[in-house]
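**Student:** Sharing a structure, written as structure tokens. Questions coming.
Just so it is clear, none of the values below were taken in a lab; they were calculated from the coordinates. Since the model is a prediction, treat every value here as computed from it, not as a measurement. Glycine also receives a Cβ, built like all others from the backbone with ideal geometry; neighbour counts cover every protein chain displayed.
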Amino acid sequence: MKNIYAIGIGLIGGSLAIDIKKNNPEMVIHGISRKEATLNKALELGLIDKKATLDDLKHADLVIVSIPVDATVKLLPTILDKIPDTGLVVDAGSTKEAICEVVANHPKRRNFLAMHPIAGTEHSGPTAAIAGLFKGKTNIVCEVEKTTFKLQEKALKLFTDIGMRIRYMNPAEHDKHIAYVSHLSHISSFMLGKTVIDKEKNERDIFDMAGSGFASTVRLAKSSPEMWTPIFKQNKANVVETLEEYIANLTHFKELMKADAYDAIFDEMKNANYIKEILNGIH
Ligand code: NAP
């Protein structure tokens with residue numbers, strides 16, 4: 001693989017470009033983006049070697065698509081149309097069902113590998129790209145059997161070389177589970193931020209009282225709405241289900257408070273402490 005095309009060079013595309021280039025200095029990273037300013041920034045930061053356009057994809061050995069998931073669904077068939085028969089396209093989208101579905105009957109389906117690198121920060125754009133973001137993180141790969149074996153082998157080596165472990169899942173299973181461990185956490189953080197901002201907007205001093213607990217639970221509320229709205233839209237059914245369960249838990253907690261049921265509240269928290277054991281070794 002020599003010619004790598006990064007479509008979208010924000011946090012994920014930019015960080016992948018840094019690590020792949022570091023391990024494979026002979027590769028040429030070509031950047032493609034909507035805005036010229038984004039491309040110039042990526043070039044200035046050294047995330048890409050050259051600027052390119054979709055028409056250049058005829059030279060691609062590998063295309064990495066890291067743009068919002070609605071844009072991925074729209075653009076993916078065109079990208080596959082443009083690559084050579086020997087090329088591979090991978091996407092990094094946070095949802096997988098709609099993306100796999102849109103290329104299900106594409107004549108070049110075997111040149112596509114669906115993946116979701118479970119790594120990120122709350123920052124976005126090329127300036128958010130960092131080295132080593134994927135080290136020790138999981139890369140979920142979907143429908144691997146639908147990709148030509150030789151191509152999947154080459155791509156998976158690139159990702160294991162940057163420190164990722166590969167897990168295989170079907171798209172429906174991925175979208176269901178990711179709604180709980182990622183999408184719900186973001187909604188919860190966005191709405192915690194909103195609740196505090198709404199209440200305290202006229203009392204800026206109150207934020208001096210905010211400790212590291214507040215900062216860490218509200219961190220995800222800094223995330224980009226441009227990226228998250230299409231994720232929630234594509235995973236609506238699963239996200240609504242997680243919200244119903246979460247709201248029921250919040251309502252139950254409120255009822256226990258109103259009833260002065262502090263033993264039950266203690267038990268609720270004690271049970272939730274089990275999260276320590278679950279996360280042990282992951283974080
Ligand atoms: P990002 O930092 O905001 O970068 C996205 C890039 O996509 C931007 O540089 C932007 O370039 C381009 N873009 C935005 N809207 C577009 C549109 N409608 N059409 C074409 N290009 C568009 O986002 P990111 O965090 O790297 O996320 C990229 C993908 O990775 C998403 O699919 C996301 O679901 C997935 N992902 C994110 C995370 C995370 O934690 N952030 C983790 C795993 C996977 P321009 O400035 O040129 O518009």
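**Student:** Once the piece of chain linking S224 and K157 is laid out straight, how much longer is it, given 0.36 nm per residue of separation minus the C-alpha distance between them?
**Tutor:** 21.1 nm
**Student:** Specify the inter-centroid distance of segment 161-204 and segment 130-158, based on alpha-carbon positions, in whole Å.
**Tutor:** So the separation of the two Cα centres works out to 23 Å.
**Student:** With label points built 7 Å along Cα→Cβ from the Cα atoms of E200 and K236, find their separation and express it in nm.
**Tutor:** A separation of 3.5 nm, rounded to one decimal place.
**Student:** May I pose another question? Pairs of alpha-carbon atoms within less than 8 angstrom and 6+ residues apart define the contacts here; what relative contact order does segment 114-179 have, in percent? Present the calculation step by step, with values, prior to reporting the outcome.
**Tutor:** Details: 69 pairs, mean separation 24.0, N = 66.
In percent, rounded to a whole number, it is 36.
**Student:** Further question: Please say if segment 187-268 is rounded, prolate or oblate, where rounded means a/c under 1.5 for a ≥ b ≥ c the square roots of the C-alpha gyration tensor eigenvalues, and otherwise the choice is prolate for a/b larger than b/c and oblate otherwise?
**Tutor:** In terms of gyration-tensor shape, oblate.
**Student:** Something else about it: In whole Hz and in residue order, list the ³J(HN,Hα) couplings for segment 216-223 that follow from phi through the Karplus curve 6.51 cos²θ - 1.76 cosθ + 1.60, θ = phi - 60°; x for Gly and Pro.
**Tutor:** Here the 3J(HN,Hα) series is 6, 6, 9, 3, 5, 5, 7, 5 Hz.
**Student:** Next question, about the same structure. Rank G193, L57, A42 by how far each Cα sits towards the positive end of the charge dipole of the chain (+1 on Lys, Arg Cβ; -1 on Asp, Glu Cβ) and give me just the farthest.
**Tutor:** Positive-end residue among those listed: L57.
**Student:** Using the beta-carbon distance between T217 and K258 and R0 = 22 Å, what value does 1/(1 + (r/R0)^6) give for FRET efficiency, to the nearest 0.05?
**Tutor:** Working: r = 23 Å, r/R0 = 1.06.
FRET efficiency, T217 to K258: 0.40.
**Student:** Mean residue ellipticity at 222 nm from the helices of the chain, using -39,500 (n - 2.57) per DSSP H segment of n ≥ 4 over the full residue count, to the nearest 500 deg cm²/dmol?
**Tutor:** -14500 deg cm²/dmol
**Student:** Please report the equivalent ellipsoid semi-axes of the chain, computed as sqrt(5 x eigenvalue) of the Cα gyration tensor, largest first, in whole Å. Before the final figure, lay out each step's value.
**Tutor:** Values: eigenvalues 290, 92, 59 Å².
Over the Cα atoms of the chain, the semi-axes work out to 38, 21, 17 Å.
**Student:** If packing is taken as the average number of other Cβ atoms within 10 Å across a peptide's residues, how do 61-73, 113-125, 132-144, 34-46 rank, most packed first? Mind dumping the intermediate values first?
**Tutor:** Values: 61-73: 21.9, 113-125: 19.5, 132-144: 18.0, 34-46: 15.0.
In descending order of packing, they fall as 61-73, 113-125, 132-144, 34-46.
**Student:** Among the listed pairs K201/K236; K51/K222; K22/K154; K21/K135; K96/K233; K176/K236, which have their C-alpha atoms separated by more than 20 angstrom in this model?
**Tutor:** Over 20 Å Cα-Cα: K201/K236; K51/K222.
**Student:** Check which residues have an amide H placed less than 5 Å from A6's amide H, if you skip close sequence neighbours.
**Tutor:** Those qualifying (amide H under 5 Å, at least 5 residues apart or on another chain) are H30, G31, I32, I64.
**Student:** Sticking with this one: How would you rank 272-278, 85-91, highest first, on the average number of other Cβ atoms within 10 Å across their residues? Could the numbers behind the result be given before it?
**Tutor:** Values: 272-278: 8.6, 85-91: 20.7.
Most protected by this proxy first, the peptides run 85-91, 272-278.
**Student:** Rounded to the nearest 10 degrees, what's the angle between the helix 11-23 long axis and the longest principal axis of the chain, both from Cα atoms, 0 to 90?
**Tutor:** Approximately 50 degrees, to the nearest ten.
**Student:** Hey, can you grab everything whose amide H is under 5 Å from the amide H of D91? Only 5+ residues off in sequence or another chain; H modelled, so Pro and N-termini drop out.
**Tutor:** V65, L113, M115
**Student:** Modelling each spin label as a point 7 Å along the Cα-to-Cβ direction, I'd like the T53/T138 distance in nm, to one decimal.
**Tutor:** Going by the 7 Å Cα→Cβ label model, 4.2 nm.
**Student:** If each of R34 and D208 carries a label point 7 Å out from its Cα toward its Cβ, how far apart are those two points in nm?
**Tutor:** 4.1
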